[in-house]
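One structure is given here, and the rest of the page talks about it.
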Amino acid sequence: MFSSNRAAAQAAPSGPSASLREAEYQILAFTDMYNRMLDSCHDKCISAKLADGDLHVGEAVCIDRCVAKFLAMQQHVSEKMTAVQKQMQQSAEAAQAAATGLKS
Amino acid sequence: MFSSNRAAAQAAPSGPSASLREAEYQILAFTDMYNRMLDSCHDKCISAKLADGDLHVGEAVCIDRCVAKFLAMQQHVSEKMTAVQKQMQQSAEAAQAAATGLKS
Amino acid sequence: MFSSNRAAAQAAPSGPSASLREAEYQILAFTDMYNRMLDSCHDKCISAKLADGDLHVGEAVCIDRCVAKFLAMQQHVSEKMTAVQKQMQQSAEAAQAAATGLKS
Amino acid sequence: MEFAYLQSQREQQAVAEHLQNLEVRESLRSFNSLADRCFARCVSSFRTNKLSQEEKQCGAMCAEKFFKHQQRVMKAYLEEQQKLAASAAQQQQQQQSQPQ
Amino acid sequence: MEFAYLQSQREQQAVAEHLQNLEVRESLRSFNSLADRCFARCVSSFRTNKLSQEEKQCGAMCAEKFFKHQQRVMKAYLEEQQKLAASAAQQQQQQQSQPQ
Amino acid sequence: MEFAYLQSQREQQAVAEHLQNLEVRESLRSFNSLADRCFARCVSSFRTNKLSQEEKQCGAMCAEKFFKHQQRVMKAYLEEQQKLAASAAQQQQQQQSQPQ
């Protein structure tokens, strides 16, 4: 995730223990994302009425597609957040430039 | 929060690393409370049907009031818990005094 | 929980800090389980309409039975997971033996 | 170079501090969870930014009820543990009196 | 044997690193929570394995809306804190001007 | 004064232990989550304090189903990662064969 890597890279100074810390960030963030995907796809694909312990064909196909769409949404939201934050920064810089222009 | 500070103060012995630990307690407790307020007010104020990416006036006003009421409920529950625990302690002491009185 | 203890035991090498780590695993796992039981039994036993601050007799009896059944389900799921994983291991070993048999 | 028993004492103190650390953090998390639960249960309208009398009463009942629920769960859990320990001891006795 | 001020500097740096560690971890968790929320809100059918145009629009609106919600909550929280601080300062002034 | 490679070895061992620590904690949390989920799914009445035959069957199916769900998610995730890696490699090849 571009957003995660950027946040982790901004925080980690150079050095051996820093790269360990960055690896820990990524492991924790990945585990969190993976567990959310596991739970969300269970909610959306596994029927509430349990007839047996095996997955039906429909449930298995649903899971495959759910995983693909979950990861795609991760990427899509990451891109949107980057765009929204960039737009905010540009608005703030424009407002600051206007304020500076008014003073002189 | 009176309840949080008291719990944190009871646990922290004096010394430099102890004040660091107490600061960590407060940061973790605050972050947890803030995230719950964020999620609760999103559930209560942001409509399920997304028409666009901006906040409506109604949603913005709801958020302001939701934040105020969430913090007020935190305080109210804290005071109630303090009262309930004090009442329990007094009942236990009264029962103990009665038991001691019966023995002599 | 057999499942938890086995996972914790597999991970802990011998030594003083290892037994501390294993104790920490068990405390964290127990606290997590206990909190889930607390929340689940509150959801299932405490009525949504709050008439007063005390527990009704029905709520109190429900909590007793809910705790017993929650712990029983923990044990039952643990036994089932052990059986499922053993079955998987046996299937994998049988498949491997068949593949080795085919090569010679 | 520390004597072994001093090192062990420092280790034990570090363990005790760490466990107390976990306990304080859990107690703070538990309070936050209760306050959040009672807000979700009791507050649904936002025509003003102050808690109404009704919302305050609901919050107080919610908090007291959850506290008593916690007490009952603790009591029930300890009784279950005793039953399990008693039945495990009974099983052990039966096994020891059977080898023939 | 370190000079005391060097030890204190190292401690402060350790604290600053630890706090930054918590901040980065919270920011990663917050993003994961947002992406999960928008997936749950916007994706309900699985006839294909690609996001539809509608699902992408929903995801974008969901993300932008939550970002603006976060901004509004921060603003509202800071204002509430100011009100509480102002009223606490006012109470203190009243108490100090009353002893007779 | 330690040799650099000994210090690095100790660091690596500390890292490996820490990662294994995270793995064990995650596996314990995952089990607790499954047991809680199956309790919520399968147990709704409390006329007795023992699991009925029906509740036990439901619990067993719930656990087995979630285990197989976990396997399928893992398989699907690895396949998606391979697709992304393959398409990234393809993009890189196209970029390298184009500078004119």
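Brief remarks on what is shown
- Percentage of interatomic Cα-Cα distances in the protein assembly as shown larger than 32 Å: 61 percent
- Shielding by partners, peptide C:44-57 (average Cβ within 10 angstrom, other chains): 4
- Nearest-0.05 FRET efficiency for E:Lys75 and A:Ala98, computed from C-beta distance (R0 30 Å): 0.90
- When both the stretch B:68-104 and the stretch D:62-77 are represented by their alpha-carbon centers, they are found 14 Å apart.
- Cβ neighbours within 10 Å from other chains - mean over B:79-90: 3
- Phi angles of the stretch E:11-16 translate, via the Karplus equation with coefficients 6.51, -1.76, 1.60 and θ = phi - 60°, into HN-Hα couplings of 4, 4, 5, 5, 5, 4 Hz per residue; Gly and Pro are given as x.
- Given charges at beta-carbon only (K, R positive; D, E negative), |dipole| of chain E in Debye: 600 debye
- Dividing the radius of gyration of the alpha carbons in the stretch C:44-97 by their Kirkwood radius gives 1.42 for Rg/Rh.
- Highest mean first, the peptides D:20-32, C:82-94, B:68-80 sorted by other C-beta atoms within 10 Å per residue fall in the order B:68-80, D:20-32, C:82-94.
- Using a Förster distance of 60 Å, the FRET efficiency for B:Ser91-E:Asn21 (Cβ separation, nearest 0.05): 0.85
- Distance (nanometres) between label positions extended 7 Å along Cα→Cβ at E:Gln96 and F:Gln98: 7.0 nm
- Assigned charges on the beta-carbon of Lys, Arg, Asp, Glu; the protein assembly as shown dipole about Cα centre (debye): 1520 debye
- Over 21 Å (Cα to Cα) - which of C:Lys44/D:Lys75; A:Lys86/B:Lys49; E:Lys50/F:Lys83; A:Lys44/C:Lys49 fall in this group: A:Lys86/B:Lys49; A:Lys44/C:Lys49
- Charge-dipole axis of the protein assembly as shown as Lys and Arg at +1 and Asp and Glu at -1 on Cβ define it, positive-most pick from B:Gly58, B:Cys41, A:Ala83: B:Gly58
- Computed from Cα atoms, the angle from the helix D:53-96 axis to the main principal axis of chain D rounds to 20 degrees.
- Charge-dipole axis of chain F as Lys and Arg at +1 and Asp and Glu at -1 on Cβ define it, positive-most pick from F:Gly59, F:His69, F:Ala16: F:Gly59
- Karplus-derived 3J(HN,Hα) values for the stretch B:69-86, using 6.51 cos²θ - 1.76 cosθ + 1.60 with θ = phi - 60°, are 6, 4, 5, 5, 5, 3, 5, 5, 5, 4, 5, 5, 4, 4, 5, 5, 5, 5 Hz; glycine and proline are entered as x.
- Gyration tensor verdict on chain E (Cα atoms; rounded if a/c is under 1.5, prolate if a/b is larger than b/c, oblate otherwise): oblate
Rule-based calculations on the coordinates, nothing more; no lab input. What you are looking at is a predicted structure, and each value in this text was computed from that prediction instead of being measured. As a convention, Cβ positions derive from the backbone with ideal geometry for all residues, glycine included, and neighbour counts pool all protein chains shown.
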